[in-house]
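Taking it in order: structure first as C-alpha cells, then the write-up.
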Amino acid sequence: MVVVQLALVANGYRDPHNFFAFQPFNESSTYAVELVRVLDDGERVAVPDGRWEGYDWDELIDWGPLRSPWRQRHAFSGVDAVVDFLDHALDWVADHSPGDTETLYWEAAVTYYRNARGPYVTVVRSHERELGGP
C-alpha cells in the first residue's frame, strides 16, 4: 500500500493537474489568451471578445476558470492545468459549433506569468475540423 501511495505522489508531479502531488501553496500565476480562428485558406482571424459567426465563447464554455480568457486571469490551479483545460475546450468548441463553416481549427496563444516570472508564451490548438463545402 505504501508503494502505491508513493507511486501516486511521484506520478502526481508529471500530471498537469498535480493530482496526488503535494503542493502547500497555490501558484500565484496569471494568464491571458489570444484566441484565433484559422480559416481553410490559412487566414488567421482574431476573436478578441469571444464572439464569432453567432457564437459566444463564454456561452459555449460555461465554466468560470475559462470565462473571458482574453483578459488577464489568475491561473486557479496552476498554468499547466489551465493550458490543459484550454486545450480540451478548443477541441470542444471545434466539435460544437456546426454553424461556423469557415473555421478549420482554433488556436490560442497563452501568455502567462508563473509566480510573477515571465512572460512566457505557449500555443495550443484544436484538432482540424471537416469543412463541408460545395
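The values are calculated or read from the model by the stated rules, or taken from the named source; none is laboratory data. These numbers come from a predicted model, not from an experiment. Every residue, glycine among them, receives a Cβ derived from its backbone with ideal geometry; neighbour counts consider all protein chains shown.
Counting only residues that are among the hydrophobic types (A, V, I, L, M, F, W, C) and out of contact with any Leu (no Cβ under 7 Å at 6 or more places or on another chain), which one in region 69-82 is surrounded by the most Cβ atoms within 10 Å (Cβ to Cβ)? Steps first, answer last, please.
As a first pass, look at region 69-82 and keep what is among the hydrophobic types (A, V, I, L, M, F, W, C): 70, 75-76, 79, 81-82.
Within this subset, residues satisfying the condition of being out of contact with any Leu (no Cβ under 7 Å at 6 or more places or on another chain) are 75-76, 79, 81-82.
Working: Ala75: 22, Phe76: 13, Val79: 21, Ala81: 18, Val82: 25.
Applying the filter and picking the extreme gives Val82.
Residues in region 97-118: is at least one among the hydrophobic types (A, V, I, L, M, F, W, C), out of contact with any Lys or Arg (no Cβ under 9 Å at 6 or more places or on another chain) and part of a strand (DSSP E or B)?
Checking region 97-118: at least one residue is among the hydrophobic types (A, V, I, L, M, F, W, C), out of contact with any Lys or Arg (no Cβ under 9 Å at 6 or more places or on another chain) and part of a strand (DSSP E or B).
Could you run through region 31-58 and say how many residues are part of a loop (DSSP other than H, G, I, E, B) and among the aliphatic types (A, V, I, L, M)?
Looking only at that region, the number is 1.
Under 7 Å between Cβ atoms, which residue pairs at least 6 apart in sequence (or on different chains) link something in region 114-126 that is among the aromatic types (Phe, Trp, Tyr) with a partner that is in a strand (DSSP E or B)?
Pairs that qualify, where the first residue is among the aromatic types (Phe, Trp, Tyr) and the partner is in a strand (DSSP E or B), are Tyr120/Tyr112; Tyr120/Arg114.
Against the definition (under 10 Å from the mean Cα position of the chain (by Cα), under 18 Å from Ala46 (Cβ atoms), part of a helix (DSSP H, G or I) and touching a residue at least 40 places away in the same chain (Cβ under 8 Å)), how does Leu90 come out, yes or no?
Values: under 10 Å from the mean Cα position of the chain (by Cα): yes; under 18 Å from Ala46 (Cβ atoms): yes; part of a helix (DSSP H, G or I): yes; touching a residue at least 40 places away in the same chain (Cβ under 8 Å): no.
No: the conditions fail for Leu90.
Return the residue satisfying two criteria in turn: it lies in region 101-134 and is among the polar types (S, T, N, Q) and surrounded by fewer than 18 Cβ atoms within 10 Å (Cβ to Cβ), and of such residues it is farthest from Ile61 (Cα to Cα).
If we take residues in region 101-134 being among the polar types (S, T, N, Q) and surrounded by fewer than 18 Cβ atoms within 10 Å (Cβ to Cβ), then Asn115 is farthest from Ile61 (Cα to Cα).
With out of contact with any Lys or Arg (no Cβ under 9 Å at 6 or more places or on another chain), over 30 Å from Glu130 (Cα atoms) and modelled with pLDDT of 85 or more as the only criterion, which of Gln23, Gln5, Gln72 stands out?
Gln72
If you check Leu90 against the conditions, is it at pLDDT 80 or above, touching a Leu at 6+ places or on another chain (Cβ under 7 Å) and under 23 Å from Ser126 (Cβ atoms)? Walk me through it before giving the result.
Values: at pLDDT 80 or above: yes; touching a Leu at 6+ places or on another chain (Cβ under 7 Å): no; under 23 Å from Ser126 (Cβ atoms): yes.
Here the answer is no, as Leu90 does not meet what is asked.
What do you reckon, is Asn11 out of contact with any Gly (no Cβ under 6 Å at 6 or more places or on another chain), assigned to a helix (DSSP H, G or I) and either among the polar types (S, T, N, Q) or at pLDDT below 90 (or both)?
Taking the combined requirement at face value, the residue satisfies it.
Based on what the data block shows, is Pro98 over 20 Å from Glu27 (Cα atoms), loosely packed, with under 14 Cβ neighbours inside 10 Å and free of Cβ contacts under 8 Å to residues at least 24 places away in the same chain? Give the derivation first.
Numbers: over 20 Å from Glu27 (Cα atoms): yes; loosely packed, with under 14 Cβ neighbours inside 10 Å: yes; free of Cβ contacts under 8 Å to residues at least 24 places away in the same chain: yes.
Against the criterion (over 20 Å from Glu27 (Cα atoms), loosely packed, with under 14 Cβ neighbours inside 10 Å and free of Cβ contacts under 8 Å to residues at least 24 places away in the same chain), Pro98 qualifies.
Please go through region 43-68 and pick out each residue that is in contact (Cβ under 8 Å) with a residue 40 or more places away in the chain and surrounded by 14 or more Cβ atoms within 10 Å (Cβ to Cβ).
The answer is Trp52, Tyr55.
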